[in-house]
Amino acid sequence: QVQLVESGGGLVQPGESLRLSCALSGSIFSIYAMGWYRQAPGKQRELVASVTSGGSTNYADSVKGRFTISRDNAKNTVYLQMNSLKPADTAVYYCAIMDINYWGQGTQVTVSS
């Protein structure tokens, strides 16, 4: 059974950092492209960052220079390092196996003073 479990969300102040983790079980992690998406209240879900099986990365313009996606195939885990957080980054963050459109349950990130 394939399972994605996200962790690392929380409440932070503007300018602070968080690192999200997403662990995959039940499948072969290294072959998949992985993505982090987010959905803010009243808005559509958007792709924040992605990493291919070969390690190539892509970012939404709104997070370039602040967020970093990485993967550790030995740990079956993908990370999203988020620096210089802004209130506009507040959302539920989801990781996904992009190749098969499989999603985790989401983790809340709130940026507020």
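The values are calculated or read from the model by the stated rules, or taken from the named source; none is laboratory data. All of these numbers come straight from a predicted model, not from anything done at the bench. Cβ sites come from the backbone with ideal geometry, for glycine too, and all protein chains shown count toward neighbours. The protein model used for the area step is the full one, side chains on, heavy atoms only, and it has no ligands, DNA or RNA in it. Shrake-Rupley method; radii C 1.70, N 1.55, O 1.52, S 1.80 Å.
On the accessible surface of segment 1-100, probed at 1.4 Å, how many percent belong to carbon and sulfur atoms?
After summing per-atom areas, the C and S share lands at 47 percent.
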Using only alpha carbon pairs under 8 Å that are at least six residues apart, calculate the relative contact order of segment 32-71 and give it in whole percent. 33 percent
Calculate the dipole size of the chain relative to its Cα centre from +1 charges on Lys and Arg beta carbons and -1 charges on Asp and Glu beta carbons; express the result in debye to the nearest 20. 100 debye
Kindly report, to the nearest 10 Å², the accessible surface of Val63 as traced by a 1.4 Å probe over protein heavy atoms only. 0 Å²
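Relative contact order for the chain using alpha-carbon pairs under 8 Å, separation at least 6, rounded to a whole percent?
Here the relative contact order equals 36 percent.
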Provide the per-residue ³J(HN,Hα) series for segment 52-63, in order, calculated from phi with Karplus coefficients 6.51, -1.76, 1.60 and θ = phi - 60°, each as a whole number of Hz, with x at glycine and proline positions. 7, 4, x, x, 6, 10, 8, 9, 5, 4, 5, 10
Kirkwood Rh and Cα Rg combined as Rg over Rh, evaluated for the chain: 0.95
Averaged per residue, what accessible surface does the chain expose to a 1.4 Å probe, in Å²? 51 Å²
Please turn the phi angles of segment 2-18 into ³J(HN,Hα) values with the Karplus equation 6.51 cos²θ - 1.76 cosθ + 1.60 (θ = phi - 60°), one per residue in order, whole Hz, x for glycine and proline. 6, 9, 10, 10, 8, 8, x, x, x, 9, 9, 8, x, x, 7, 10, 9
Expressed as a whole number of Å, what is the distance separating the alpha-carbon centroids of segment 52-113 and segment 9-33? 6 Å
Would you kindly derive the ³J(HN,Hα) couplings of segment 93-104 from the backbone phi angles with the Karplus curve 6.51 cos²θ - 1.76 cosθ + 1.60 (θ = phi - 60°), listing them in order in whole Hz, with x for Gly and Pro? 9, 10, 9, 8, 8, 5, 5, 10, 6, 10, 10, x
